[in-house]
Structure formats: structure tokens, C-alpha cells
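Heads up, the thing below is written out as C-alpha cells.
Here, each number is a calculation from the coordinates, and none is a lab measurement. Just so we're clear, the structure is a prediction, and the values are computed from it rather than from any experiment. Methodologically, a virtual Cβ is constructed for each residue, glycine included, from the backbone with ideal geometry; neighbour enumeration extends over all protein chains shown.
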Amino acid sequence: MAEIKPLKFAHIVNPVCSPADSELGIAQPITFESISNARAFTKSAIQVEFYCVGYEEDQNVAPDFFERLPTLQRSVTDLQKFTTLKKYPIFKDVLSAVYEKTDADFLLYSNMDIALMPQFYNAVVQIIENEQCDALVVNRRGISKKYKYPNQLPLMYSEYGMPHPGFDCFIFKRTLLPQLILDDICLGVSFSEVAMIHNLIAFAEKLVLEDKLHLTFHIGTEVMPPLNTEYYTYNRTIYEKKIYPKLKPYLELKKFPYAMQPAYKRLLKWALNPSFRTHLMLEMEGKSLGRKLKYIFDSWRFSLLDK
């Protein structure tokens, strides 16, 4: 009997050199400590490779157990002029860096302000094996902003927090990456998560959204952070003009999270989730209803011919 090869994961993060008293400066050490704890919790039973990629000034931010990939050579400011310069990386550059380095079965990307519960990797493996899915999105929970230091992690783990509708932790088969249409959308700004979730909906054979289990968390419960209008407009334009038109032929209503729930419930969930564009969902709902009505009409029409 052939031995079943265990799944291998490659976890990529994009650390940023930030002032210690900034939100990200507080969050990153907590995130790294939580990843270290989750790494130890696996007790080598699960294969996880750890990689980080960033700019030259970011090279010393991550702990030593992260392998540093070659530095990023461009940012969003190389692609368009902005009045305020923010060195946001291009999402596909970050993912391509780890894709070229590893032969892992699954790639895992999480935002730098997203901390992991100790059982995270073990739970991810069990979900993938139980669901037989090729893509998994894990929703975070928001906890109190009173926490500031990694040594407070036991208390953070103990706080169940509040659910959050957005997406910031993506696990998907490495072989899916060449299919993803991310164009030049950048990280650190709204619409990067919109692009990613819609790509996985479009191209994954089976996408699972895990929004019930307590597997990741974020310090703070806000849903929509303050927007930098310039960069928000850039990402939104990239998504709506360059990404969505190419994804649209591959998007089916039945592949969206919550699609199997009653109409009133799924429409409410989609409307409350900032990653789903309400007017696009309504358009797809209309097309789906039209197809159902046509099917009913055709069935009735052909039944008359049999009489």
C-alpha cells in the first residue's frame, strides 16, 4: 500500500519596518510570537516552511526562523504618481517570490497584523483533509486594543473576541497561483483582499470559508480602517477595470461563500461583507433567478408537448 505523503505548507509574510509605537509596530512582534508558538505546537508533525519578503529596510524585522527571500524591487509608487509616497508592495510580487522558492503543496499568506492561535496549522490541515478543498480562507476575530506585548498572548488567546467579515488569511494550492489574475493591485490597501477572494472563487475547485472557528485574531475590532483616498482609488480602479472583467466569466454564484444559504440570509451576509460588491452580487442573483425561471418555463412548455 502506497504511503500517503503529508501535506507541506509555505507561509509567506511581508514584514514592514515600523515605529514601535505604531499599530503595526505593536502588532508585528505579537504576530511573530504567535506564529512561533503555532510552529512549536505542531511538534514537527506538520511540514510548514516560513518565508518573509520585503524591501531592503525590512530585512531584519522577522525572526530568524523565517527564510528571507530576495528583496522586492518595485512598489506601487513605481507604477503611478501619488502625492503621498507609501511603499506598498504589489501582491503578485510577494506571492511569486514564495512560488518560485518552494515546492510546497499549499501557499499560505496572512497579513502582518493577524496573529495565529497555537492550533492554527493543525486545524488548517484537518479542514483541508476533511473538506478535500484546494483553497481555504480563515476569518479573524477582533479582540481588545488593550494588548500591547507578546507576553500577553495567553490573555489574547483566552479572549474570544468579535467576528470580522473581511479576509486576511489565504491558504491555497501552489498550482493555483499561475491562474490568479491580480494585475498590479497592492497590499496594505483595501481591495487587495477583494481581488484575492474573487480569484479563489473563480479558480479553486472547492473554496472553504472558515468563519466560525477561533483560529486567527487581530488587535482591535474595527471593520473598515481609515482610507487613504489615493491608494484606495488606485486599488479599486485596478480591481474594477482590470481584474474583475477578466474574472467575471469564471464567477458562478454557487461558488461564493454562503451561496447555499436561504436567499435573505446570503444577501444579508454579502451586503455586510466589505469584500463582496453588493451590486455585483445582485446582478449575479438576477441572472441565477432568470435561469431558474427559464428552466421552470421550459419544463412546463415541454411537458405540454408530451400531452
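Per-structure values
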quantity	calculated
Farthest toward positive dipole pole in the range 8-254 [+1 Lys/Arg, -1 Asp/Glu at C-beta], among 245, 30, 13	245
Extended-chain gain in nm, criterion 0.36 nm per residue less alpha-carbon gap, residue 206 and residue 158	14.1 nm
Estimated FRET transfer efficiency when R0 is 51 angstrom, pair residue 232-residue 45 (beta carbons, to 0.05)	0.75
Computed E for residue 8/residue 241 - FRET, C-beta separation, R0 51 angstrom, nearest 0.05	0.85
Simple spin-label estimate for residue 214 and residue 101 in nanometres, 7 Å along Cα-Cβ	3.2 nm
Distance (nanometres) between label positions extended 7 Å along Cα→Cβ at residue 130 and residue 21	4.5 nm
Rough spin-label spacing in nm, given labels placed 7 Å along Cα→Cβ, for residue 80 and residue 145	2.8 nm
The range 1-46, dipole about Cα centre (Lys/Arg Cβ +1, Asp/Glu Cβ -1), debye to the nearest 20	340 debye
Neighbour net charge for residue 89 - beta-carbon separation under 12 angstrom, K R +1, D E -1	0
Of 92/241; 101/173; 206/254; 8/92, pairs whose Cα-Cα distance is over 19 Å	8/92
